[in-house]
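Below: the structure, in structure tokens.
The values are calculated or read from the model by the stated rules, or taken from the named source; none is laboratory data. For clarity, every value in this text was computed on a predicted model and none was experimentally measured. For neighbour counting, all protein chains shown are included, and Cβ atoms are generated from backbone atoms with ideal geometry for every residue, glycine included. The area values use the complete protein model at the heavy-atom level, side chains included, leaving out ligands, DNA and RNA. Shrake-Rupley method; radii C 1.70, N 1.55, O 1.52, S 1.80 Å.
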Amino acid sequence: MGRNTRKRRTPMATKAIAASAALALGGGGLIWANFYASAHEENSANQTKAAGAQIATIQCPDVGQQLTDVPEGARQGVDKELANLDKQISEAYTRLASTRQAQAGDSGFVNNAILGPLKSKRTAVIDRIGINIRRVGGQAPDNLAQMAECKGMAADANTNDGQAGDGQNNDGQNQDGQDQNQDGGQNQDGGQDQGGDNGQDQGQGGNGGQAGNGPVADDFINIEDVQPNSRNLPNGLAANGDGGSTGSFTTNCGTNSNDNHNSDNVIVAPGVSNGAQHVHDYVGNQDNTAFASDEDLAAADTTCQNQGDKSSYFWPVLRLQDGSQDFDQNNPGGGQDGNVGKIVEPAEAQLKFVGNRTSDVVAMPKALRIITGDAKSFTNGLNNANTSWSCTGFEDRQVTDKYPVCPEGSSVVRTSNFQSCWDGQNIDSANHRTHVDFVEADGSCSNGFQAIPQLQVRLVYDVPAPQIENGQVQNPFAVDSFPEQLHKPITDHNDFINFFDENVMNEMVQCINNGEDCQ
């Protein structure tokens, strides 16, 4: 099935041994791939192997982020073609991961057998995108055709070398100071250097079948080694403070205890089954699928205690990769897209709306869509990244590019502070970014945007701390991701669609502007 909607999971306790965990994509898992042949071999044959093995994943220009002006009549067709581009990248990555021996023997294999055909397929899709736009009188970006070519991304690539600054959300909205002076993951590896490759696939045997596709030891950090107040991404700062509108409004919508999951993405890929290629948790609105209309969402049931809140709150699931599986191990979005392991329900899911440091807030329009973070940050670069990982008791220490290893008695925390400046007109935009913005450093909204309540989502997970020994990670956890994103923590993101009843929304605004704390 293309969607795994509201299906109760039945976790299996069966441990996956190394061989059975190494299944090819499409067969319920991900093939083990040695991304890290030793770079220190002396003979030329092994040097060729090492060169090929350095290509950990595939990096393609994000066409969708360039499409800032798509006529309404073309958006449905364009969105479906953008989903086709995502599928092509995933298929190419699957081929990359399953042909390591061929790559080791042929330095041109990746370009000739993977990247070349991918460019041809992308060219055809990008041409159709242009046709869709021009058919209704629009104008496609001049550089669209140039975005067909992809490249191999080295195992030790820094996300700063991605397409940060490639025009993503670069319409003048809050770009000053976003130089992304972030280490991009401190050498965000697609695997660990195993050394001494003898031509056999080597993965990390203890990570529950995710081997070769992340996460790896370098994706984790002991939270006690993180400096307080060290979060250094410019996005996602708290909009509220001691001045302006100082109140808050909390809505309690549960923790997805009814297991409402699917791998659709109604914002980015409406009408496309498995458009996200990873599984979401849903709280609040219970009818969020790729095929839900605004009318469907407005009429849906909600898990929120306040029945006037039918908003949809959704984020990629967190999985524990201890060898156990979940209901979707053979399904799209799950095992077929490299997302394996037991889905962990949040122990807490706190949804709070806060004010603005410099002004009152105005009501959010019905059906307003906001995406915060970027599911493709590992290859896109950091322009839209917005991740905050921490541990209970240590929440003054925020990690943007690592998963935290928490001490005993402490739980993992994911925090998302959403954009809280709105253009005053649109409930969405062609690239799903430019109709909203983050506040400036002083808390104000720029370019005539209006302050709206800022959604702050805090998710708490009781997961055992992974063990890291000799560069190997045992029983890690990770968020679901597109296959080629290697389950990097920097790819975490969060989504919101506003379906508050008008009276409840007005109550929220009044509460926040009056400095009250309501729920």
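Using the heavy atoms of the protein chains alone and a 1.4 angstrom probe, what is the accessible area of the stretch 411-519 per residue in square angstrom?
Counting only protein heavy atoms, the per-residue value for the stretch 411-519 is 32 Å².
Enumerate the amide H contacts of residue 248 below 5 Å, restricted to partners 5 or more residues apart or on another chain; note that Pro and chain-start residues carry no placed amide H.
516, 517, 518
Can you order the peptides 257-264, 112-119 by their average number of other Cβ atoms within 10 Å per residue, highest first?
Output ranking for 257-264, 112-119: 257-264, 112-119.
Filter the cross-link list 151/342; 310/352; 80/119 down to pairs whose alpha-carbon distance in this structure exceeds 24 Å.
Result: 151/342 exceed 24 Å.
Quick one: which residues, 5 or more positions from residue 393 or on another chain, have an amide H under 5 Å from its amide H? H modelled 1.01 Å from N in the peptide plane, none for Pro or chain starts.
The answer is none.
Would you mind calculating the gained length between residue 227 and residue 447 on full extension (0.36 nm times residue separation, minus the Cα-Cα distance), in nm to one decimal?
Full extension of this stretch gives 75.8 nm more.
Which of rounded, prolate, oblate describes the stretch 434-519, given a ≥ b ≥ c as roots of the alpha-carbon gyration tensor eigenvalues and a/c under 1.5 marking rounded, otherwise prolate only if a/b is larger than b/c?
prolate
Please say if the stretch 417-459 is rounded, prolate or oblate, where rounded means a/c under 1.5 for a ≥ b ≥ c the square roots of the C-alpha gyration tensor eigenvalues, and otherwise the choice is prolate for a/b larger than b/c and oblate otherwise?
It comes out oblate by the Cα gyration axes.
At residue 362 and residue 472, where each label point lies 7 Å from the Cα along Cα→Cβ, what is the point-to-point distance in nanometres?
Going from the residue 362 label point to the residue 472 one covers 5.9 nm.
Provide the per-residue ³J(HN,Hα) series for the stretch 506-519, in order, calculated from phi with Karplus coefficients 6.51, -1.76, 1.60 and θ = phi - 60°, each as a whole number of Hz, with x at glycine and proline positions.
So the J values, rounded to whole Hz, are 5, 4, 4, 4, 4, 4, 5, 5, 8, x, 9, 10, 10, 7.
Order 502, 348, 408 by their accessible area, 1.4 angstrom probe, all chains in place, largest first.
408, 502, 348
So for the pair residue 300, residue 518, with labels modelled 7 Å out along Cα→Cβ, what separation do we get in nm?
2.5
Amide H of residue 261 versus every other amide H placed in the peptide plane: which residues, excluding those fewer than 5 positions away on the same chain, fall under 5 Å?
It is 6, 7, by chain and number.
How big is the charge dipole of the stretch 400-494 about its Cα centre, in debye rounded to the nearest 20, if each Lys and Arg gets +1 on its Cβ and each Asp and Glu gets -1 on its Cβ?
Dipole size: approximately 80 debye.
Order the following by accessible area, largest value first: 402, 342, 121, 376. Probe radius 1.4 Å; ligands, DNA and RNA are ignored.
From most accessible down to least: 121, 342, 376, 402.
State whether the stretch 216-361 is rounded, prolate or oblate according to the following rule on the C-alpha gyration tensor (a ≥ b ≥ c being the square roots of its eigenvalues): a/c under 1.5 gives rounded; otherwise a/b larger than b/c gives prolate, and the remaining case gives oblate.
Oblate is the answer for the stretch 216-361, as a/c is 1.5 or above yet b/c matches or exceeds a/b.
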